[in-house]
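Colleague: Quick one: structure below, then a few questions.
The values are calculated or read from the model by the stated rules, or taken from the named source; none is laboratory data. In this text, all values refer to a predicted model and were calculated from it rather than measured experimentally. Neighbour counts run over all protein chains shown; Cβ positions are idealised from the backbone, glycine included.
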């Protein structure tokens with residue numbers, strides 16, 4: 001069973017639902033190791049005492065708040081809990097609102113909530129209430145050392161907690177140079193064709209068809225470097241060349257017409273991108289592992305360790321692609 005990040009309860013009115021908090025997303029990123037360019041050895045993170053310079057083990061590390069210069073108040077996890085026991089153990093629903101009323105800029109991080117012992121029935125009651133009403137529960141919760149604004153929403157059989165940004169964290173658009181919506185700036189024909197293009201490209205939301213194609217290209221570049229024996233080659237930036245000057249006059253009607261003519265071909269190409277992209281990613285990883293293994297058997301012993309570390313980390317990072 002997945003490890004819980006937080007344990008407590010959802011509370012609204014007199015209803016109390018014991019729950020656990022679980023991460024709902026897994027970033028799909030390529031893991032890169034920091035290397036010393038002089039001998040390409042891995043560079044680690046060192047925990048050290050800034051006064052003595054000596055290394056500090058995890059067992060000797062505590063947290064502190066600096067209330068004056070170089071003066072600290074030590075705070076343990078128990079101190080953080082005792083500051084407000086109810087706030088640290090309860091997702092307190094303050095109100096209910098329509099999901100579309102919350103701007104996208106407020107949404108931050110998603111988590112799954114699952115019921116703990118004795119909470120299944122009332123968990124299901126809240127979930128179905130959210131589903132039938134079409135609303136989200138606006139709540140507050142303390143996670144680690146910060147109180148978050150959050151929204152509880154129904155997603156299939158789960159209740160999802162979305163942490164929200166506070167209004168003070170959202171920057172306004174006053175300082176941006178944005179075009180106005182005054183009548184006459186856009187031609188009716190342009191708008192009509194743009195709406196036609198949107199209508200023609202509309203389709204059901206199928207996230208499985210989207211794939212990180214940049215990752216494929218990056219893995220192909222890594223594979224190329226391994227096969228060419230250039231694993232330690234430092235690629236320097238090329239001199240930038242100025243693009244020929246372009247006219248500021250844009251014929252939107254012509255661009256929209258060309259887009260409308262080519263939309264069917266684009267749809268056909270996109271429909272196969274998910275599966276083919278995944279297969280491409282897997283082939284790249286397999287090729288990389290084989291290349292690294294072949295080079296390892298043919299290289300001197302004093303460099304095999306370095307090559308093994310690089311290939312193993314890269315292959316490990318690739319094998320996690322598309323797990324989410």
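Colleague: Got at least one residue in region 65-80 being more than 26 Å from residue 146 (Cβ to Cβ) and surrounded by 10 or more Cβ atoms within 10 Å (Cβ to Cβ)?
Modeller: Scanning region 65-80 turns up no residue that is more than 26 Å from residue 146 (Cβ to Cβ) and surrounded by 10 or more Cβ atoms within 10 Å (Cβ to Cβ).
Colleague: Looking only at residues in region 161-178 that are part of a loop (DSSP other than H, G, I, E, B) and surrounded by fewer than 10 Cβ atoms within 10 Å (Cβ to Cβ), which one is nearest to the chain's Cα centre (by Cα)?
Modeller: Step by step, filter region 161-178, then rank; the result is 171.
Colleague: Return only the number of the condition from (1) modelled with pLDDT of 90 or more; (2) exposed (fewer than 10 other Cβ atoms within 10 Å of the Cβ) that residue 129 does not satisfy.
Modeller: All conditions pass for residue 129, except number (2).
Colleague: Take region 91-123 and flag every residue that is touching a strand residue (DSSP E or B) at 6+ places or on another chain (Cβ under 8 Å) and part of a helix (DSSP H, G or I).
Modeller: Hits for region 91-123 are 99, 106, 122, 123.
Colleague: For region 180-187, indicate whether the set of residues that are surrounded by 10 or more Cβ atoms within 10 Å (Cβ to Cβ), at pLDDT below 95 and within 30 Å of residue 255 (Cα to Cα) is non-empty. Full working, then the answer.
Modeller: Of the residues in region 180-187, the ones surrounded by 10 or more Cβ atoms within 10 Å (Cβ to Cβ) are 186-187.
Going one step further and asking which of them are at pLDDT below 95, we end up with 186-187.
Adding the requirement that they be within 30 Å of residue 255 (Cα to Cα) leaves 186-187.
Scanning region 180-187 turns up at least one residue that is surrounded by 10 or more Cβ atoms within 10 Å (Cβ to Cβ), at pLDDT below 95 and within 30 Å of residue 255 (Cα to Cα).
Colleague: Now for a different question. At least 1 residues that are touching a residue at least 24 places away in the same chain (Cβ under 8 Å) in each: list the strands (runs of 3 or more DSSP E) lying fully within region 8-75 that qualify.
Modeller: Values: elements: 15-23, 63-68, 71-75.
Hits in region 8-75: 15-23.
Colleague: Only one of these is surrounded by 10 or more Cβ atoms within 10 Å (Cβ to Cβ) and modelled with pLDDT under 85: 96, 40. Name it. Steps first, answer last, please.
Modeller: On the way: 96 fails: modelled with pLDDT under 85.
Exactly one residue qualifies, and that residue is 40.
Colleague: Is it true that residue 129 is under 19 Å from residue 96 (Cβ atoms), touching a residue at least 12 places away in the same chain (Cβ under 8 Å) and assigned by TED's automatic domain parsing to the domain that holds residue 97? Don't jump to the end; show me each part of the working.
Modeller: Working: under 19 Å from residue 96 (Cβ atoms): yes; touching a residue at least 12 places away in the same chain (Cβ under 8 Å): no; assigned by TED's automatic domain parsing to the domain that holds residue 97: yes.
So residue 129 does not fit the description; no.
Colleague: Kindly evaluate residue 201 against the criterion of being at pLDDT 80 or above, over 30 Å from residue 97 (Cα atoms), surrounded by 10 or more Cβ atoms within 10 Å (Cβ to Cβ) and not assigned by TED's automatic domain parsing to the domain that holds residue 11.
Modeller: yes
Colleague: Only one of these conditions is not met by residue 117: (1) surrounded by 11 or more Cβ atoms within 10 Å (Cβ to Cβ); (2) in contact (Cβ under 8 Å) with a residue 24 or more places away in the chain. Which number is it?
Modeller: Only one criterion is unmet by residue 117, namely (1).
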